[in-house]
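In what follows, a structure is listed as structure tokens, so that the remarks can point back to it.
The values are calculated or read from the model by the stated rules, or taken from the named source; none is laboratory data. From a predicted model like this one, the values you see are computed outputs, not experimental measurements. Here the Cβ is made from the backbone with ideal geometry for all residues, glycine too, and neighbour counts use every protein chain on show.
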Amino acid sequence: MDKEQFIKSLSEKFNTKITNLSYSLLYFDSDGILINHGVYVFSDSENLFFLETEYKPKVFGFNIKTKPQTEFFSYTVDLNNIVDFYTVYKSSAKQYIRRKKNKLNRSNKFFEIFRETLVYIKLKDKEVFIDLPLNVFKNLINNN
């Protein structure tokens, strides 16, 4: 399946016109436990969607036989519910999610060259982190 067919199938599944599509890791808190999922990130004019990709576990590069995944994590965010977003250091985000840190600081543009960053997305009711460059995230939510 090529990219255009994939976008068309997602558009039909979510009953919307998808304008942008990317892949990322999504990090979030589940009662102080760091959860991360590989997700497709896409948007339409009103929502931002996260859809889990199929994960095939490996050990030393060899696939482990598991049951086929039938349930996929999906999460939809109304773009109006995004209160703020900015880049933070990945290490700080992980400490924050695990509740070992009370406050998040914005990353420094100079040090972003040397350290991994995530985009912190503050919603009205929760917080998530996404492993995308900030400009890609801005395009996802603005080019509708």
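Taking into account only those residues within segment 1-42 that are in a strand (DSSP E or B) and among the aliphatic types (A, V, I, L, M), which is modelled with the highest pLDDT? Quick ask: steps written out before the conclusion?
Step one: list which residues in segment 1-42 are in a strand (DSSP E or B), which gives 20-30, 33-42.
Those still in the list that are among the aliphatic types (A, V, I, L, M) too: 21, 25-26, 33-35, 39, 41.
Details: L21: 83, L25: 83, L26: 83, I33: 66, L34: 73, I35: 74, V39: 85, V41: 88.
If we take residues in segment 1-42 being in a strand (DSSP E or B) and among the aliphatic types (A, V, I, L, M), then V41 is modelled with the highest pLDDT.
Are there strands (runs of 3 or more DSSP E) fully within segment 68-131 with at least 2 residues that are over 17 Å from V41 (Cβ atoms) and modelled with pLDDT of 85 or more? List them. Working first, answer last.
Working: elements: 74-78, 82-89, 117-123, 127-130.
In segment 68-131, the matching strands (runs of 3 or more DSSP E) lie at 82-89.
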Residue hits (segment 89-113; in contact with a Phe, Trp or Tyr (Cβ under 7 Å, 6 or more places away or on another chain) and of a type outside the set (S, T, N, Q)) are A93, I97, L104, R106
Tally the residues that are within 13 Å of the chain's Cα centre (by Cα) and within 16 Å of L21 (Cα to Cα), restricting the search to segment 105-137.
-> 7
What are the residue pairs meeting all of these: first residue in segment 82-97, first residue buried (at least 16 other Cβ atoms within 10 Å of the Cβ), second residue among the β-branched types (V, I, T), Cβ atoms under 7 Å, and 6 or more apart or on different chains?
-> F85/V119; F85/I121; T87/T117; T87/V119; V88/T117; Y89/T117; K90/T117
Does F62 satisfy the criteria of being at pLDDT 85 or above and over 23 Å from N20 (Cβ atoms)?
-> no
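Go through segment 112-141 and count every residue that is in contact with a Ser or Thr (Cβ under 9 Å, 6 or more places away or on another chain) and either among the charged types (D, E, K, R) or exposed (fewer than 14 other Cβ atoms within 10 Å of the Cβ) (or both).
Residues of segment 112-141 in contact with a Ser or Thr (Cβ under 9 Å, 6 or more places away or on another chain): 112, 115-120, 130-134, 136-137, 139-141.
If we keep only those that are either among the charged types (D, E, K, R) or exposed (fewer than 14 other Cβ atoms within 10 Å of the Cβ) (or both) too, we end up with 112, 115-116, 131.
So the answer is 4.
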